[in-house]
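Asker: Shown below is the structure under consideration.
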């Protein structure tokens, strides 16, 4: 929102508002009477009009009728008039807000700035209206569309639930008297879905039944507005709840970002240990080959064939070191976009990053991979695989098991990619298996783990890949021997 028209007969107020908005980066045009405002509106288009209601040569609110679309040109009333009936009429016409100018003009400017910031911010906010009344639906659209909200209408409870599951919404308005399902049952169904627990639902009803209103709040309703509703109250409550949801999710995103950083830091020491371990062998080989070559040369026994063979081995060892360093560097590189990658190749990287400790502990990996391409964040999924593999390795370390296996299977079913990672370490105690994905839950000592690895794995699968991850204990047979262990199953949409 860049171009603003200020229609205010007080030059002092007009100049103060204009100067404040110019400091915020807006382009302002100032007029002081009704006739000038009409003339300039006929020639130019503005993103926002700040309008005084009472002008010396006409009524400011009549200018609203000259504006072709309040969805394109927003109107904020700046006036000393506090008449409720007039305010309600103006909100019916689609004004953004009604700011009272009094002695504390700086507060009015601050409120104006908040309105502008909100309108810029809600361009992607989607509102689902579940109401069978065509009149109410049109009324809500006339209020919300000028405020930059996107509105989706559902005339039945069933249609509303289907649209909610298949779309992305920031707020729901819900009528109680629907033709197919009572609104309270629709509300209960909405809140039965984990992903909608924090979704604001404003119930709009003509009921005076205090028991029903109490039931609405008990079932998760965020607010209640009685029909026929006051337009100003409805508009302000929608703004309030969408702002609340945005701040709530910003806090969650900050928390997840912090936990993600902690999760990577928690594995960094182990990864560095792997780097050192995997570097020792090629470095030792390079040193040995170089020393042997020098000795051969010193005793005049160096042949061209021997030199070429040693140099080739030195080059291969150096390349192996370079690939190892690149792989570890990429593991910590931030991946901000999705790519298409081969799932089996990603597991090969996970094995390379963890092979030193797996080999030392005699853990065998049995794989059964289908040829599957996945669209997602490959580095994040790599972190998930490493978290699960390391947990299995640590579990083996706490138990006396002669033959240690990790079985990894990938397959496609019903347009979903399934990944199964299971071990034969005996399984997870049934009293804690439901908690393993909780933040900071761990069965390890403080110096062994933080308990955020599996929590972040769940966040990565559910939020970044729209999938599921869960764990079950299973008995299974391998080479005619019955084993028991934990099976981590990941389910990701193919497309």
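Asker: Which one of 206, 167, 220 is in contact with a strand residue (DSSP E or B) (Cβ under 9 Å, 6 or more places away or on another chain), over 30 Å from residue 10 (Cβ atoms) and either surrounded by 15 or more Cβ atoms within 10 Å (Cβ to Cβ) or modelled with pLDDT of 90 or more (or both)?
Answerer: Exactly one of 206, 167, 220 is in contact with a strand residue (DSSP E or B) (Cβ under 9 Å, 6 or more places away or on another chain), over 30 Å from residue 10 (Cβ atoms) and either surrounded by 15 or more Cβ atoms within 10 Å (Cβ to Cβ) or modelled with pLDDT of 90 or more (or both), namely 220.
Asker: Could you grab the pairs with beta carbons closer than 6 Å, sequence gap of 6+ or different chains, first residue in region 308-329 and assigned by TED's automatic domain parsing to the domain that holds residue 286, second one surrounded by 17 or more Cβ atoms within 10 Å (Cβ to Cβ) and modelled with pLDDT of 85 or more?
Answerer: Listed pairs, sorted by first residue: 310/289; 310/293; 313/289; 314/286; 314/289; 317/286.
Asker: Report, by residue number, each residue of region 66-83 that is at pLDDT 75 or above and not in a loop (DSSP other than H, G, I, E, B).
Answerer: 74, 75, 76, 77, 78, 79
Asker: Something else now. Which residues, counting only those in region 465-495, are surrounded by fewer than 16 Cβ atoms within 10 Å (Cβ to Cβ) and not in a strand (DSSP E or B)?
Answerer: Listed by number, the residues that qualify are 466, 479, 480, 494, 495.
Asker: Against the definition (in the same structural domain as residue 216 (by TED's automatic domain parsing), modelled with pLDDT of 95 or more and farther than 24 Å from residue 246 by Cβ), how does residue 156 come out, yes or no?
Answerer: Yes, satisfied.
Asker: Identify all residues within region 43-62 that are touching a residue at least 12 places away in the same chain (Cβ under 8 Å), more than 16 Å from residue 99 (Cβ to Cβ) and surrounded by fewer than 20 Cβ atoms within 10 Å (Cβ to Cβ); write none if there are none.
Answerer: Scanning region 43-62 gives 44, 45, 47, 56, 57, 58, 59, 62.
Asker: Among the candidates 345, 305, 273, which residue alone is under 20 Å from residue 387 (Cβ atoms), exposed (fewer than 14 other Cβ atoms within 10 Å of the Cβ) and modelled with pLDDT of 90 or more?
Answerer: 345
Asker: Something else: How many of the residues in region 352-371 are on the phi < 0 side of the Ramachandran plot and surrounded by fewer than 17 Cβ atoms within 10 Å (Cβ to Cβ)?
Answerer: 12
Asker: Given the conditions (1) in contact with a helix residue (DSSP H, G or I) (Cβ under 7 Å, 6 or more places away or on another chain); (2) at pLDDT below 75; (3) assigned to a helix (DSSP H, G or I), which single one is not true for residue 41?
Answerer: Of everything listed in (1) in contact with a helix residue (DSSP H, G or I) (Cβ under 7 Å, 6 or more places away or on another chain); (2) at pLDDT below 75; (3) assigned to a helix (DSSP H, G or I), residue 41 misses just condition (2).
Asker: Can you give me the number of residues within region 394-416 that are touching a helix residue (DSSP H, G or I) at 6+ places or on another chain (Cβ under 6 Å) and either farther than 13 Å from residue 365 by Cα or in a helix (DSSP H, G or I) (or both)?
Answerer: Total meeting the criteria: 1.
The values are calculated or read from the model by the stated rules, or taken from the named source; none is laboratory data. Here the structure is a predicted model, which is why all the values come from computation and not from measurement. So basically every Cβ, Gly included, is an ideal-geometry build from the backbone, and we count neighbours across all protein chains shown.
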